[in-house]
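Reading through the structure tokens given below for one structure.
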């Protein structure tokens, strides 16, 4: 079940909301837990047992770590928790990839296992890990009620594709959150905006991206390859940020406050800033649980380089079992080393240079998404080379480009506009102006229009997958 579906929007969500608000407060967490398990079980019921096993494992180990906090056993249990969690993730997500590499390197013929990947396993594994680590560090109190731990890990708004929520963020909210009309209305508006981002923008932009990535890049028009790459860059942003908007909005509808996961990443002036704005929950997770424990930047030069290498290698691997994701992660490692030690854009006084580096950042991000979206590293490199005319094909405005711009050009323009904070800035200025009262009426109506427009696409059978469901 996906948020951007008629089943979720018109059946599952209204039913859960009704049960939640007619119930006494002491039962509401349990209603959400049952709903979350049902939500996850809808697609593949057997994978619920994987998630429940992960919940039980981390709940018990956190209890024992807290019990033996001042003894060496606590450290051993923490190591065991990391090994078991990463082991589960490895078996389901990376085992066949590791077998393929082993067969290629050693010349062996080990049979692939063909294990199906549970949806969202990377997200709920990282949430579970962060909870146990924080208990070990003493930054959160151990939760004695296993059902509350289960709710934290399985809560359906952020279960499948994040954001990765820290237990410290909602530790108090599990027992003491307050529901209000204002919070519910704000959450509903946020959900509708995210719904529109996904269905109206991401889904339509995916049509152009799919067409370009499905071509033989060596003979394709480079101009159309650029168009497809730009459309994919916008598609993945609106796909993932739209999901995050819906998750944050749903959380508010049930009284939870989640942290933001995106902050207009495509206006970034550097690669460093891009990763402060893109998938904030993941980049902050690696910062707090990998980069800083390794020593961060307060170490000798070589050690700092190795710390960065570890983080970006793991970031690439986290996204999937494919050389493309590893290359994508390592590409950011190289870019960040160049930026931090050679370019140093924050220290440049010349405005022209900073603008130039902003353009370079966007171009590099775009090429990175090409590798990310390609089925193989070879095909991704071929696509990138074709974009710069390596195969001799001329740039041209041909019938294919004209057709796609005529059909999807409006969504491309809207995508570019709404990837910037222009709408937010205009809205804030209207709120502070004499038209604030009118804007207060128009804004909810606009959200309703966006939602109904998106629903019309679903009724017509629009293609509707979430990219990050694969992770």
Among 262-268, 153-159, the order from most to least packed when residues are scored by Cβ within 10 Å on average: 153-159, 262-268
Along principal axes, Cα extents of the chain, largest first, whole Å: 67, 64, 52
Gained length - residue 219 relative to residue 115, 0.36 nm times residue gap less alpha-carbon distance: 33.8 nm
Structure-based [θ]222 nm, the chain - -39500 (n - 2.57) summed over DSSP H runs of at least 4, per residue, nearest 500: -21500 deg cm²/dmol
Size descriptor, Kirkwood hydrodynamic radius, that averages inverse alpha-carbon separations across region 211-265, Å: 13.4 Å
Label-to-label distance, nm, for residues given as residue 269 and residue 290 (7 Å Cα→Cβ offset): 2.8 nm
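Over the Cα atoms of region 311-456, what is the Rg over Rh ratio if Rh follows Kirkwood?
The Rg/Rh ratio comes out at 1.07.
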Descending semi-axes in Å of region 183-459, equivalent ellipsoid built from Cα gyration tensor: 32, 27, 18
For q = 0.12 Å⁻¹, Debye-computed log10 I/I(0) when each Cα of region 52-148 counts as one equal scatterer: -0.48
Whole-Å distance, taken between Cα centres, linking region 206-281 and region 282-304: 26 Å
Sorted by Cβ density within 10 Å, fewest first, the residues 75, 304: 75, 304
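Apply the Kirkwood formula to region 328-383: the hydrodynamic radius equals the inverse of the mean of 1/r over all pairs of different alpha-carbon atoms; give it in Å with one decimal. Write down the numbers at each step before the final one.
Numbers: mean 1/r = 0.0806 Å⁻¹.
Kirkwood radius, region 328-383: 12.4 Å.
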Taking the C-alpha atoms of region 177-302, convex hull volume expressed per residue in Å³: 159 Å³
Kirkwood-based shape ratio for region 263-350, expressed as Rg/Rh from alpha carbons: 0.96
Spatial separation of Cα centroids for region 401-441 and region 11-68, in angstrom: 38 Å
Alpha-carbon Debye profile of region 382-460, log10 I(q)/I(0) at 0.12, 0.16 Å⁻¹: -0.63, -0.85
Relative contact order [Cα under 8 Å, 6+ residues apart], region 183-459, whole percent: 28 percent
Whether region 145-207 is rounded, prolate or oblate, judged on the alpha carbon gyration tensor where a/c under 1.5 counts as rounded: oblate
Per-pair calculated FRET efficiency, R0 = 25 Å: residue 309 and residue 344 via Cβ, rounded to 0.05: 0.80
The chain - percent relative contact order, Cα under 8 Å, separation 6 or more: 18 percent
Listed peptides 330-337, 112-119, 369-376, 424-431 by packing density, highest first (mean Cβ within 10 Å): 369-376, 330-337, 112-119, 424-431
Whole-Å semi-axes of the ellipsoid equivalent to region 77-133 (Cα gyration tensor, √5λ, descending): 27, 13, 7
Gain in span if fully extended, residue 56 to residue 145, counting 0.36 nm per residue against the direct Cα distance: 30.9 nm
Region 6-177 - percent relative contact order, Cα under 8 Å, separation 6 or more: 29 percent
Two-decimal log10 I(q)/I(0) for region 6-177, as the Debye equation yields it once each C-alpha is a single scatterer, q = 0.15 Å⁻¹: -0.90
Convex hull per residue volume in Å³, alpha carbons only, for region 81-225: 199 Å³
Where only C-alpha atoms are counted, convex hull volume of region 283-327 per residue in Å³: 61 Å³
Ascending count of other beta-carbon atoms within 10 Å, so fewest first, for 24, 137: 24, 137
Sorted by Cβ neighbour density within 10 Å, fewest at the top, the residues 246, 51: 51, 246
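None of the figures in this text is laboratory data; all of them are computed from the coordinates on show. Keep in mind it's a predicted model, so treat the numbers as computed, not measured. When we count neighbours, we look across all protein chains shown, and the Cβ atoms used for this are built from the backbone with ideal geometry, even at glycine.
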